[in-house]
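Step one of this worksheet: look at the structure below.
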Amino acid sequence: SESPGQYKVRDLSLAEAGRHQIRLAEHEMPGLMSLRAEYGESQPLAGARIAGSIHMTVQTAVLIETLTALGAKVRWASCNIFSTQDEAAAAVVVGPHGTVEDPQGVPVFAWKGESLEEYWECTEQILLWPADPDAGADAPYAGPNMILDDGGDASLLVHDGLAYERAGEVPADTRPGEPNHSEETNVVLALLRRVLQDDPLRWTAIAENILGVTEETTTGVHRLYQLAESGTLLFPAINVNDSVTKSKFDNKYGIRHSLPDGINRATDVLMGGKVAFVAGYGDVGKGAAEAFRGQGTRVIVSEIDPICALQAAMDGYQVAQIEDVLDEADFFITTTGNKDVITADHLSRMKNKAIVGNIGHFDNEIDMAGLAQVPGVTRTEIKPQVHEWTFTTGERAGRSIIVLSEGRLLNLGNATGHPSFVMSNSFANQVIGQIEIYTKAGTDEAYPVAVHRLPKILDEKVARLHLDALGARLTELSPAQADYLGIDADGPYKAEHYRY
Ligand code: NAI
């Protein structure tokens, strides 16, 4: 069977540059640093073997080193082919106390600009652990016992792998024109076919050991709920995304920062006075629209949900269908987590030099395969992750559009993702989620196999950990006021159904 690799990153000599950035990020991540102070001694994650799949950024480095400070062993991959910061990956492998010659950190399998094959091999690597001397002679895998996921690709490999292993075969590749055809699906099927042939009980062995998963994003959580509904979810899951201190902060304020960052680094085109079209007005869409508005851009929003459409209208945005604005908007940004939002036909009818990008989790929001098939279209690389697509026939001849990160999430492909302070909130939820599942497994309080949210009191704790750093002084409830509202003075302060 496959022997697990030590690590695979671009260049270990980038570690020093990465370490400086990590040191500065630690200062901006009070949530993670307070968890290190709170739990460093008691080591609640001792014995945890975490397979982590989140964009390998500087902020993720601080998350990884928080997990190890709490006792966990970790293997890591990025959850997107373009999102790794190579210096952060190198620094994590070298570790705070290691050297380039003698790395002592965490095995990372990630670099910026992976092929799809490499991407899925890296995801496979975080699920393969060196044999554990403590595991006993007949244990075939030391395997992970926890997954920390963003978008669900690590969980998908285990679930799909196990399903095909039980069925004894992996389905045939999909072809162009067939439903759900994508190059990436075929890459995954090929990997699972290889594993089934070489190592036919791998997924059974791996799945057996896994106590649970904590999932970072809207799209990954959506996949987990689908598995739970179909009765095929294999282990308990914590939906980190729907902690208030995650989706109402990272998805919104994080995007408000990192969307313009990505557009600026990619194109440096002025946003003020222009027109931006934002597809979707959920948490990410709200942050995106606000970012454009802050630059003096006129924003047009599309929605399928009447509540979100009305919110957009009340916030002062025009609500329209994409077809209405193809020759009007200078920027087209998708934030829906849905597929086929911008079609090849839309792309070929846009205003000359329109800038097109996606900030939702997967690259199926914009039909890039369809664009490549438009007759006569040519693609010019302006620089990595920035491509000009020029139409050469018909009345569009000579017009072009600029596509960012080949339709993959542009804030991580063209920039460095969300800033540390907002990620400290998201990742504090991740760490608490890992502790919850890992320490309660096998006890009366164990999380059953289902998708759970963290208790509100822990959500409030994450927020509390970030107030001092901003000089925010919280008002305390008097006992009489607490009594009047019928709540505990120490929280939770809101009912479960409160929407913030
Ligand atoms: P959400 O569910 O709050 O918002 C998505 C919105 O899109 C919904 O209001 C939905 O009604 C709307 N929508 C769906 N199909 C549509 C269509 N065809 N046209 C117009 N609107 C449509 O989800 P959220 O949290 O805003 O996340 C959106 C995506 O962004 C997800 O894929 C999520 O995983 C990803 N994400 C990306 C981040 C990044 O750093 N790039 C950070 C956080 C989330």
### Summary
About its Cα centre, segment 254-413 carries a charge dipole, from +1 on Lys and Arg Cβ atoms and -1 on Asp and Glu Cβ atoms, whose size in debye to the nearest 20 is 440 debye
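Helix by helix through the chain, keep the DSSP H runs that span 24 Å or more along the axis on Cα and average at least 0.0 on Kyte-Doolittle, and give those back in order.
420-440
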#### Entry: Descending semi-axes in whole angstrom, ellipsoid equivalent of segment 359-479, from the Cα gyration tensor
47, 21, 12
### Summary
For the chain, the charge dipole (Cβ of Lys, Arg +1; Cβ of Asp, Glu -1; about the Cα centre) points to a positive end, and the Cα of H257, G18, Y498 closest to that extreme belongs to H257
### Task
Before anything else, pin down the relative contact order of the chain: Cα pairs under 8 Å, at least 6 apart, normalised by residue count, whole percent.
15 percent
### Query
Once phi is turned into θ = phi - 60°, what whole-Hz ³J(HN,Hα) does the Karplus curve with 6.51, -1.76 and 1.60 give for every residue of segment 483-494, x standing for Gly and Pro?
4, 4, 7, x, 10, 6, 4, 9, x, x, 8, 10
### Query
Using alpha-carbon positions, what is the distance between the centroids of segment 368-409 and segment 478-500, in Å?
54 Å
## Note on the structure
A correct Stokes-Einstein calculation for segment 298-339, using the alpha-carbon Kirkwood radius, 20 °C and 1.002 mPa s, returns a whole-number D in µm² s⁻¹ of 196 µm²/s
### Query
Counting Lys and Arg as +1 and Asp and Glu as -1, each charge on the Cβ, what is the dipole of the chain about the Cα centre in debye, to the nearest 20?
1120 debye
### Task
Hey, can you grab everything whose amide H is under 5 Å from the amide H of E328? Only 5+ residues off in sequence or another chain; H modelled, so Pro and N-termini drop out.
K351
### Length-normalised contact order of segment 254-413 in % [C-alpha pairs under 8 Å, at least 6 apart]
21 percent
### For the chain, alpha-carbon Rg over 2.2 N^0.38 Å
0.99
#### Entry: Debye equation applied to the C-alpha atoms of segment 25-142, log10 I(q)/I(0) at 0.11 Å⁻¹
-0.38
### Task
Return the sequence-ordered ³J(HN,Hα) values of segment 100-106 in whole Hz as given by the Karplus equation 6.51 cos²θ - 1.76 cosθ + 1.60 applied to θ = phi - 60°, using x for Gly and Pro.
4, 6, 9, x, 10, x, 10
### Using alpha carbons only: equivalent-ellipsoid semi-axes of segment 254-413, gyration tensor based, whole Å
24, 16, 15
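Quick note: the coordinates plus some simple rules give every number you see, no bench work behind them. Worth saying up front: this structure is predicted, and the values here are computed from it rather than measured. No Cβ is skipped: glycine too gets one built from the backbone with ideal geometry, and neighbour counts run over all protein chains shown.
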